[in-house]
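The values are calculated or read from the model by the stated rules, or taken from the named source; none is laboratory data. Because the structure is a prediction, the values reported are computed rather than measured. Cβ sites come from the backbone with ideal geometry, for glycine too, and all protein chains shown count toward neighbours.
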Amino acid sequence: MLDWLIPVAHAQQAAQPNAFMQFIPLILLVIVFYFLLIRPQMKRNKEHKALIASLAKGDEVITSGGLAGRVVTLGEAYVGIEISDGVEVKVQKPAISSVLPKGTLKAL
């Protein structure tokens, strides 16, 4: 009576993809995330570490908080930045976001 269903069941079993084919979209997603998110972030971190390592007295910098000033003291973890004549603030080295070209502070 149900003999006509048996060939359909065998056809469904044969049509299932193997386990590797099921993981291909997941693998492709990981690769896309690596090239679009992880790799550029690692590159930015590497550039920022190089910027922090190359700081020297007299460099004009901007902090992540928006303070612009000239580096007057360098320590292990902190940098002294003169933001005005006689006004010095201490900030953590990772808070330095960019180094400005010389003479930029006079134009501000």
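Collect the residues in region 57-90 that are touching a residue at least 12 places away in the same chain (Cβ under 8 Å), among the hydrophobic types (A, V, I, L, M, F, W, C) and closer than 21 Å to Leu108 by Cα, keeping them in residue-number order.
Within region 57-90, Val61, Ile62, Leu67, Ala68, Val71, Val72, Ile81, Ile83, Val89 meet the criteria.
Which members of region 91-102 meet the condition of being of a type in the set (Gly, Ala, Ser) and either surrounded by 13 or more Cβ atoms within 10 Å (Cβ to Cβ) or free of Cβ contacts under 8 Å to residues at least 24 places away in the same chain (or both)?
Going residue by residue through region 91-102, those that are of a type in the set (Gly, Ala, Ser) are 95, 97-98.
Listed by number, the residues that qualify are Ala95, Ser97.
Would you please name the residue that is nearest to Lys93 (Cα to Cα), looking only at residues in region 19-57 that are among the aliphatic types (A, V, I, L, M) and within 12 Å of the chain's Cα centre (by Cα)? Let's see the steps before the verdict.
Initially, region 19-57 is screened for residues among the aliphatic types (A, V, I, L, M), giving 19, 21, 24, 26-32, 36-38, 42, 50-53, 55-56.
Checking which are within 12 Å of the chain's Cα centre (by Cα) leaves us with 36-38, 42.
Values: Leu36: 28, Leu37: 25, Ile38: 23, Met42: 18 Å.
That would be Met42.
A quick yes/no check of all residues on (1) among the small types (Gly, Ala, Ser); (2) within 21 Å of Val99 (Cβ to Cβ); (3) at pLDDT below 95:
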{"site": "Phe23", "(1), (2), (3)": "no, no, yes"}
{"site": "Leu26", "(1), (2), (3)": "no, no, yes"}
{"site": "Val32", "(1), (2), (3)": "no, no, no"}
{"site": "Leu36", "(1), (2), (3)": "no, no, no"}
{"site": "Gln41", "(1), (2), (3)": "no, yes, no"}
{"site": "Arg44", "(1), (2), (3)": "no, yes, no"}
{"site": "Glu47", "(1), (2), (3)": "no, yes, no"}
{"site": "Leu51", "(1), (2), (3)": "no, yes, no"}
{"site": "Ile62", "(1), (2), (3)": "no, yes, no"}
